[in-house]
1. Given the condition closer than 30 Å to Asp49 by Cα and modelled with pLDDT of 60 or more, answer yes or no: does some residue in region 110-129 qualify?
2. Name the pairs whose Cβ atoms lie under 6 Å apart, with the first residue in region 66-79 and over 15 Å from Trp34 (Cα atoms), the second in a helix (DSSP H, G or I), and 6 or more positions between them or separate chains?
3. Return yes or no: is Asp56 outside any loop (DSSP other than H, G, I, E, B) and either under 19 Å from Val74 (Cβ atoms) or over 20 Å from the mean Cα position of the chain (by Cα) (or both)?
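The values are calculated or read from the model by the stated rules, or taken from the named source; none is laboratory data. Computed from a predicted model, the values in this text were never measured in an experiment. Neighbour counts are summed over all protein chains in view; Cβ atoms, including those assigned to glycine, are modelled from backbone coordinates with ideal geometry.
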Amino acid sequence: MTAGLQPAPDVRAVSRKDVRTVITSSPMGTTVEWYDFFLYSTAASLVFDELFFPTDDPAVSTMLAFVTFFVGFVARPLGGVLFGHVGDRIGRKRTLVDAADGPVHGGDGRASHLRAGGTARARAAGAAARGAGPGDRR
């Protein structure tokens, strides 16, 4: 009945260069991410307990330091799902810029370009929250 499987009309062929890029980029990103977790877990066990959680019981301090590690471990995939969804809707490059720019200019958790007033309003709100004057870029 059918002469063979044919791709859907909207599917484009993937070049070998694109496949090589994905095959080399994915392990590099995963390696950097897991190295980051390794460094943070080492610092949490050796330094963070005494530095950020000084208590009478060192075991409690260490457990509190590892709770921060656990929160980061859980938050990364949730952030990936959230920002992946937003990136699919408004574009991945714009989502990356907004995610990196948010804590610097306003940090209210809303994409500044989706509101009337845009980035200028977000920068003014961030400056006001920091107690900076107009034009101050602290």
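1. no
2. Phe66/Ala44
3. Judged against the criteria, Asp56 is not a match.
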